[in-house]
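> To start, I am sharing the structure in question, which I have written as structure tokens.
The values are calculated or read from the model by the stated rules, or taken from the named source; none is laboratory data. Being a predicted model, the structure only gives us computed values, none of them experimental. For neighbour counting, all protein chains shown are included, and Cβ atoms are generated from backbone atoms with ideal geometry for every residue, glycine included. Side chains included, ligands, DNA and RNA excluded: accessible areas come from the protein's heavy atoms. Shrake-Rupley method; radii C 1.70, N 1.55, O 1.52, S 1.80 Å.
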Amino acid sequence: MTTLASNGTTKGKDSLRAPSVVVIGAGMSGVAMGAKLKEAGIEDFVILEKGRSIGGTWRENTYPGLTCDVPSHWYQYTFAKNPEWSHLFPTQPEIERYLDETADRLGVTPRIRFGEEVVEAVFEDGKWRVATTKDVYSADFVVSASGVLHHPKTAPLPGLDSFQGALFHSARWDHSVPLEGRRVGVVGTGSTGVQIVSALSKRNVDVTLFQRTAQWVAPLPNPPTGPVLRWALRTFPALNTVFYRTLRVLFGGLFQGVIHPEGIRYKLVNAFCHLHLRTVRDKGLRAKLTPPDKPMCKRTVIHPAFYRAVQRPNVHLVTEGIDRVVDNGIVTKDGQLHELDVLVMATGFDFHAFVRPAKIVGDGGRTLDEAWAESGPRAYRTVAVPGFPNFFFVMGPHSPVGNFSLVGIAEAQAKYIMGWIDRWRTGQFDFAEPRQDVTDAYNAEIKEAVKGTIWVSGCNSWYLGKDGAPELWPWSPWKHERMLSKIAEDEFALTKSGP
Ligand code: NAP
């Protein structure tokens, strides 16, 4: 057992207690949490990371064409602004490098234990006992920063096992498989499938896209930043802040506004998507690419060149349903065999798992699975769950995801969690957990707010929970930041361990 710190002792000139903290995951959220812990002078923490390097989703997803659809200068930490972004929207290698360099520069990297997957965290005898595949840690606080989209979902297609070619999920891209001159099938037309097909269409690859449901596509260009702008950002760092804030207002405001179908912002995006679809000249192809639902009901795909890509002669759009997979390809419901050498499943992720399948056992032996069994994932203000003392989430249930930048959201949550850790250091309490009644009231408010949003206008998306209600933040990203900017102590149950 690795004991991280001495609970209850005093430390340093301020006589503050030294908390021990386990952070789960070294992706963008875990690095944010690590940076905040370092900033507060807390050294007794580890970040447990199942992978071999930093980056989370930006390490796991390496498929061709992967570009973040949130602008670069908004998709960065406020405490680590990068003047070197090469394009308006950052590419995967750039983001991975940025996270890696930031963690290094802020001294977070030495706190990371790579290759350690958390299997269980149990609250017992006033401590969290966190077991990984390699070791056991004891801590006062656990922060789950395990990411939102990191459990790949492979479509359970009949006969999948019989496929004799290369088969992988988009988040497990096998770069050893040659693609040039070969027939590649892609299942799925979400942001991932669209990016893969667009990238492969420009290569000597014969691409077949299996589309179950067409998606709306908004065409935002991705111009390079250029040496002059990068020089200006390097020389005048305040400019980077101006960029950050401007993009936050523009994109945050736009995407928050478009969730209400009666508003002008929605009407604009709606018209924009429809006009973009009209750039597909062939009426038959256009009909196949016309979604049955409304723009923004699913997470809008942002891509400037997808429609151009599907019109290339080496790209085939198949809209017949998949009947089965056979050893040399896919047979569609019309009986046609589509021969393939490589099959890519761009079929998304399990958005509702959060830190699970790790077993999280709270006070009194109640597991997170049990706490969420009926309702689905629910939390107090995205960050904590009743019955799980000193356990916090970065990117927990109902965190603003949509088309927002998750970086600012993670920062706001990490800062909020630090507020509780700082209070613990003063000895004000030993254990803090949100009150059930307050958590219920907050979730009822969300349930009310998602009614009438575009997300419930009739589509099947990963946004929806098992009760059919969207598990999304229904307000602006700055409302979320405001909500977490102050700690409402009366909304928590605070207890001491001793008499
Ligand atoms: P997704 O949006 O969930 O899309 C999954 C696709 O797979 C859908 O087209 C779905 O069809 C299809 N599919 C699922 N099961 C199927 C089955 N059994 N048979 C046939 N088709 C099936 O997943 P994603 O594209 O990986 O994107 C997930 C999220 O990741 C995005 O919404 C976004 O938040 C994020 N992302 C962001 C970026 C970026 O920043 N650029 C890039 C990639 C991903 P139906 O629509 O019919 O269900």
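> Quick one: in segment 387-423, which of the residues that are in a loop (DSSP other than H, G, I, E, B) and among the hydrophobic types (A, V, I, L, M, F, W, C) is nearest to V361 (Cα to Cα)? Don't jump to the end; show me each part of the working.
Of segment 387-423, the ones in a loop (DSSP other than H, G, I, E, B) are 387-390, 394-405.
Subsequent filtering for residues that are among the hydrophobic types (A, V, I, L, M, F, W, C) retains 388, 394-395, 401, 404.
Details: F388: 8, V394: 18, M395: 19, V401: 26, F404: 31 Å.
Here the residue is F388.
> How many residues are assigned to a loop (DSSP other than H, G, I, E, B) and either near the ligand (Cβ under 10 Å from one of its atoms) or modelled with pLDDT under 95 (or both) if we restrict to segment 72-97? I'd like the intermediate steps shown before the answer.
The first filter runs over segment 72-97 and keeps only residues assigned to a loop (DSSP other than H, G, I, E, B), leaving 72-86, 88-90.
After this cut, where a residue has to be either near the ligand (Cβ under 10 Å from one of its atoms) or modelled with pLDDT under 95 (or both) as well, the list is 75, 89-90.
Here the count works out to 3.
> A follow-up question, please. Are there any pairs, at least 6 apart or on different chains, whose C-beta atoms fall under 8 Å, with the first in segment 161-178 and within 16 Å of the ligand (Cβ to nearest atom) and open to solvent by less than 80 Å² (accessible area, probe 1.4 Å) and the second of a type in the set (S, T, N, Q) and modelled with pLDDT under 95, and if so, which?
Once the first residue is within 16 Å of the ligand (Cβ to nearest atom) and open to solvent by less than 80 Å² (accessible area, probe 1.4 Å) and sits in segment 161-178, its partners that are of a type in the set (S, T, N, Q) and modelled with pLDDT under 95 give H169/T154.
> Right, something else. Scan segment 308-325 and give yes if some residue there is among the small types (G, A, S), in a loop (DSSP other than H, G, I, E, B) and touching a residue at least 12 places away in the same chain (Cβ under 8 Å), otherwise no. If you could, list the steps in order and put the result at the bottom.
Step one: list which residues in segment 308-325 are among the small types (G, A, S), which gives 309, 321.
Still in the list and also in a loop (DSSP other than H, G, I, E, B): 321.
Within this subset, residues satisfying the condition of being touching a residue at least 12 places away in the same chain (Cβ under 8 Å) are 321.
Yes: segment 308-325 contains one or more residues that are among the small types (G, A, S), in a loop (DSSP other than H, G, I, E, B) and touching a residue at least 12 places away in the same chain (Cβ under 8 Å).
> Working carefully through the options L289, L220, find the one that is open to solvent by 30 Å² or more (accessible area, probe 1.4 Å), of a type in the set (A, V, I, L, M), within 14 Å of the ligand (Cβ to nearest atom) and touching a residue at least 40 places away in the same chain (Cβ under 8 Å). Walk me through how you get there before you give the answer.
Details: L289 fails: open to solvent by 30 Å² or more (accessible area, probe 1.4 Å).
Every option except L220 fails the conditions.
> Follow-up. Restricting to segment 454-499, name every residue that is touching a His at 6+ places or on another chain (Cβ under 8 Å) and exposed (fewer than 13 other Cβ atoms within 10 Å of the Cβ). Give the derivation first.
Taking segment 454-499 and keeping what is touching a His at 6+ places or on another chain (Cβ under 8 Å), we get 454, 465-466, 471-473.
Once the filter is applied, which keeps residues that are touching a His at 6+ places or on another chain (Cβ under 8 Å) and exposed (fewer than 13 other Cβ atoms within 10 Å of the Cβ), segment 454-499 yields only K466.
> Could we say that D350 is within 16 Å of the ligand (Cβ to nearest atom), surrounded by fewer than 19 Cβ atoms within 10 Å (Cβ to Cβ) and among the acidic types (D, E) here? Give the steps one after another, and end with the answer.
Working: within 16 Å of the ligand (Cβ to nearest atom): yes; surrounded by fewer than 19 Cβ atoms within 10 Å (Cβ to Cβ): yes; among the acidic types (D, E): yes.
Answer is yes for this residue.
> As an exercise: evaluate D100 against (1) open to solvent by 10 Å² or more (accessible area, probe 1.4 Å); (2) closer than 30 Å to A346 by Cβ; (3) in contact with an Asp or Glu (Cβ under 9 Å, 6 or more places away or on another chain) and give the number of the one condition it does not meet.
(3)
> Take the conditions open to solvent by 20 Å² or more (accessible area, probe 1.4 Å) and more than 18 Å from the chain's Cα centre (by Cα) and apply them to V318. Does it pass? Talk me through it step by step, then tell me what you get.
Values: open to solvent by 20 Å² or more (accessible area, probe 1.4 Å): no; more than 18 Å from the chain's Cα centre (by Cα): yes.
No, not satisfied.
> Would you confirm, using the coordinates I've provided, whether E60 is open to solvent by 20 Å² or more (accessible area, probe 1.4 Å), acidic (D, E) and under 20 Å from W231 (Cα atoms)?
Numbers: open to solvent by 20 Å² or more (accessible area, probe 1.4 Å): yes; acidic (D, E): yes; under 20 Å from W231 (Cα atoms): no.
It is false that E60 is open to solvent by 20 Å² or more (accessible area, probe 1.4 Å), acidic (D, E) and under 20 Å from W231 (Cα atoms).
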